[in-house]
Amino acid sequence: MSTVDENKQLIQDVLEAYPEKAKKKREKHLNVQEEGKTDCGVKSNVKSLPGVMTARGCAYAGSKGVVWGPIKDMVHISHGPVGCGYYSWSGRRNYYIGTTGVDTFGTMNFTSDFQERDIVFGGDKKLAKIIDEIEELFPLNGGVSIQSECPVGLIGDDIESVAREATKKTGKTVAPVRCEGFRGVSQSLGHHIANDIIRDWVFPQGDEENKDSDFESTDYDVAIIGDYNIGGDAWASRILLEEMGLRIVAQWSGDGTLHEMKMTPKVKLNLIHCYRSMNYISRHMEEKYGIPWFEYNFFGPTKIAESLRAIAALFDDKIKEGAERVIAKYQKQADDVIAKYRPKLEGEKVMLMVGGLRPRHVVPAFVDLGMEIVGTGYEFGHNDDYKRTAEYVKDSTVIYDDVTGYEFEKFAEGLKPDLVAAGVKEKYVFQKMGLPFRQMHSWDYSGPYHGYDGFAIFARDMDLALKSPTWGLIGAPWKK
C-alpha cells in the first residue's frame, strides 16, 4: 500500500487539471487518512462544482427512492412530470412480501404526469383526483405519499391542503413530501425532509390510533430502521435478531408498512442500519418518546458478532446469552466461508465509492476476506459520516467526498485497485478500463449481503468478480 505522503502527492497531481478556483474548492474534499486521527479531514455536504460530473442524486431521489418508496402498502405518487417517476421506478430491489396491485405497490409507478397546462394552471385539482382514483382502484392501500418534483415547488402547488382534505375524505394517512429535486445539495436533504414528514404527518396520527390499541409490549421490542431490504438484507438481519430473543415490532422502510411505522414509538430500542438516511427520525423518537437508538453493522462476521454483543449489552442476561448462542451457531459457517475465499482474495486492493453507510460499513467484510481498502468516499456524506469512517480505515487510505468522474478515474490509475465497488453510474466506466467491478447500491442483481448468510453471498460475488477469466483477455492498463 502507498504511503501517506505518496497518496497526498497523488491528490495534488489529480488536482492540477483544474482551474485555480476549482482546485481550491475540490482539495478541501480530498484527503489521506493518517493513523491516530479521528476524522477523515474532508469537507462534505456542500454543493457540487458546476461543470464536473458527480454521482449525486436529488432530494426527490432521497425521499422517494430511499425512505418512502419501499413502504410497501402505500401508494407513492411522483407528483410532477413523468420522468422522475419513471427513472425512480423499482430501481433498488427492495424485496417485499405481498400481492402487487392488491395490498402492496412497491414495484408500481404512480405519477401525476404533469403537462404544460398543469404548470400554467397548477396541479392541485389533478392531484386530488388521482388520490380519489387510487382509493377506488386500490382500496386496500394503507395510505398515500405525495413525492413532489421540481415544478411543484416552482409553481407553488399547495400539496399540504390537498393531503389534509384527502386524509379527511379517506380516513387514511396522506403525507405531502416537499422533496423537490432542487432542494439541498444532494439526495441527503431528501432523507431529512422525508423523516420530518414521518414526524409531522405519520407519528401524530399513530399516537392517536395507539391510544386505543391492544398492543402488548415486552421488554424485548425493537425496530429495524433504515434497512431497505435490498436483495433481502433486512430479512437476513431479522433472522439473527429474532434468534437472539428480540421481538421485531417494526421494520422500515424495506418490506415495511405504514402500520409498523406508526407502531415504532412503542418499542424499547431503535436499531438503525443506514445512519445517514434515518438518524433524524431516530433522534426525534429519542427526544419525544425516550427511545434510545443504536447504529449496528451486519456486514462480515467480525462486525456481526461485535454488533450482536453491543445490542445484547443493552438488554438483560437472556438476550446476552442469546447473542452468544447465535454467534456460536454461525461461527463454523463464517469460518468455512473465510477458509474457502480468503486464500483466493488475500491482498486484493479495493476502491469504494457509495452513497450512505456502505463506504464504511462494508469495509470489515472485505477485511474479513483479507482484502485491502485503498480508497473510500461518499456521494452525499456529512461530517459525522466521515468521523465514523475514520474508525474503519487504515493509515494512508485515500478519502474522497463527492468525487468527480475525472478524479475517480485518476485515483484508480494511481492506486491501481484490483476491484472497484461503487454505483451503477460508475460500473461500465471501470469495466471498460479493464477493472473488475461490483455495484454496491443494489448488490449488482445479487444479495442479501447482510448477516451470516449474506456474507457467504458477498464473498462468492467478490470472488466471481475478481477471478472471471474475462479480465485475462483485457486487463487494466497497468497490468499489461
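The values are calculated or read from the model by the stated rules, or taken from the named source; none is laboratory data. Note that the coordinates shown come from a computational prediction; the quantities given were computed from them, not determined experimentally. With ideal geometry, Cβ positions are generated from the backbone for all residues, glycine too; neighbour counts draw on all protein chains shown. We work out accessible area using only protein heavy atoms, side chains counted, and drop any ligands, DNA or RNA first. Shrake-Rupley method; radii C 1.70, N 1.55, O 1.52, S 1.80 Å.
No other residue among G322, G347 is more than 24 Å from the chain's Cα centre (by Cα) and open to solvent by less than 10 Å² (accessible area, probe 1.4 Å) apart from G322.
Among the candidates A334, A339, A328, A313, the residue that is hydrophobic (A, V, I, L, M, F, W, C) and crowded, with 20+ Cβ neighbours inside 10 Å is uniquely A334. Of G181, G153, G143, all but one fail to be touching a Lys or Arg at 6+ places or on another chain (Cβ under 8 Å) and either farther than 24 Å from G101 by Cβ or open to solvent by 50 Å² or more (accessible area, probe 1.4 Å) (or both); the exception is G153.
Of V82, V66, which residue is more than 28 Å from D384 (Cβ to Cβ) and either open to solvent by less than 20 Å² (accessible area, probe 1.4 Å) or among the β-branched types (V, I, T) (or both)? Talk me through it step by step, then tell me what you get.
Numbers: V66 fails: more than 28 Å from D384 (Cβ to Cβ).
Step by step, each of V82, V66 is checked, and only V82 is more than 28 Å from D384 (Cβ to Cβ) and either open to solvent by less than 20 Å² (accessible area, probe 1.4 Å) or among the β-branched types (V, I, T) (or both).
Of the candidates S282, S277, the single residue that is open to solvent by less than 20 Å² (accessible area, probe 1.4 Å), within 18 Å of the chain's Cα centre (by Cα) and in contact (Cβ under 8 Å) with a residue 60 or more places away in the chain is S277.
The residue pairs whose first member lies in region 212-240 and is open to solvent by less than 10 Å² (accessible area, probe 1.4 Å), whose second member is of a type in the set (K, R) and at pLDDT below 95, and whose beta carbons are closer than 7 Å, counting only pairs six or more residues apart or on different chains, are I230/R92; I230/R93; G231/R93. Taken as a whole, region 38-61 holds at least one residue that is among the aliphatic types (A, V, I, L, M), open to solvent by 50 Å² or more (accessible area, probe 1.4 Å) and closer than 30 Å to I119 by Cα. Scanning region 366-381 for residues that are more than 18 Å from G423 (Cα to Cα) and either in a helix (DSSP H, G or I) or under 14 Å from the mean Cα position of the chain (by Cα) (or both) returns V367, D368. Consider region 399-450 and keep the residues that are at positive phi and in a loop (DSSP other than H, G, I, E, B). The one that is most open to solvent (accessible area, probe 1.4 Å) is K416.
Every listed requirement among (1) touching a residue at least 12 places away in the same chain (Cβ under 8 Å); (2) under 25 Å from L154 (Cβ atoms) is met by E116 save one, (1). Go through (1) over 20 Å from N229 (Cβ atoms); (2) open to solvent by 60 Å² or more (accessible area, probe 1.4 Å); (3) assigned to a loop (DSSP other than H, G, I, E, B) for I97 and report which single condition fails. In the conditions (1) over 20 Å from N229 (Cβ atoms); (2) open to solvent by 60 Å² or more (accessible area, probe 1.4 Å); (3) assigned to a loop (DSSP other than H, G, I, E, B), I97 misses (1) alone.
Within region 26-58, being part of a helix (DSSP H, G or I) and within 26 Å of S277 (Cα to Cα) holds for R26, K28, H29. Take K129 and decide whether it is at pLDDT 95 or above, more than 30 Å from K25 (Cβ to Cβ), surrounded by fewer than 19 Cβ atoms within 10 Å (Cβ to Cβ) and of a type in the set (K, R). Judged against the criteria, K129 is a match. Of all the residues in region 259-271, those that are within 17 Å of D227 (Cβ to Cβ) and either open to solvent by 10 Å² or more (accessible area, probe 1.4 Å) or out of contact with any Leu (no Cβ under 7 Å at 6 or more places or on another chain) (or both) number 7.
Considering the conditions (1) open to solvent by less than 50 Å² (accessible area, probe 1.4 Å); (2) out of contact with any helix residue (DSSP H, G or I) (no Cβ under 9 Å at 6 or more places or on another chain); (3) at pLDDT 95 or above, S396 is excluded by exactly one of them, (2).
Does A55 qualify as being small (G, A, S) and either touching a strand residue (DSSP E or B) at 6+ places or on another chain (Cβ under 8 Å) or under 26 Å from S442 (Cβ atoms) (or both)? Yes, satisfied. Checking S213, S282, S237 one by one, the residue that is among the polar types (S, T, N, Q) and within 18 Å of R92 (Cβ to Cβ) is S237 and no other. Number of residues in region 153-203 that are assigned to a helix (DSSP H, G or I) and within 26 Å of the chain's Cα centre (by Cα) equals 18.
Find the residue count for region 100-110, including only residues that are over 22 Å from G226 (Cα atoms) and of a type in the set (F, W, Y). The number of residues fulfilling the criteria is 1. Pairs meeting the criteria (first residue in region 424-437 and more than 14 Å from M353 (Cα to Cα) and touching a residue at least 24 places away in the same chain (Cβ under 8 Å), second residue β-branched (V, I, T) and crowded, with 16+ Cβ neighbours inside 10 Å, beta carbons under 6 Å, at least 6 apart or on different chains) are L435/V420.
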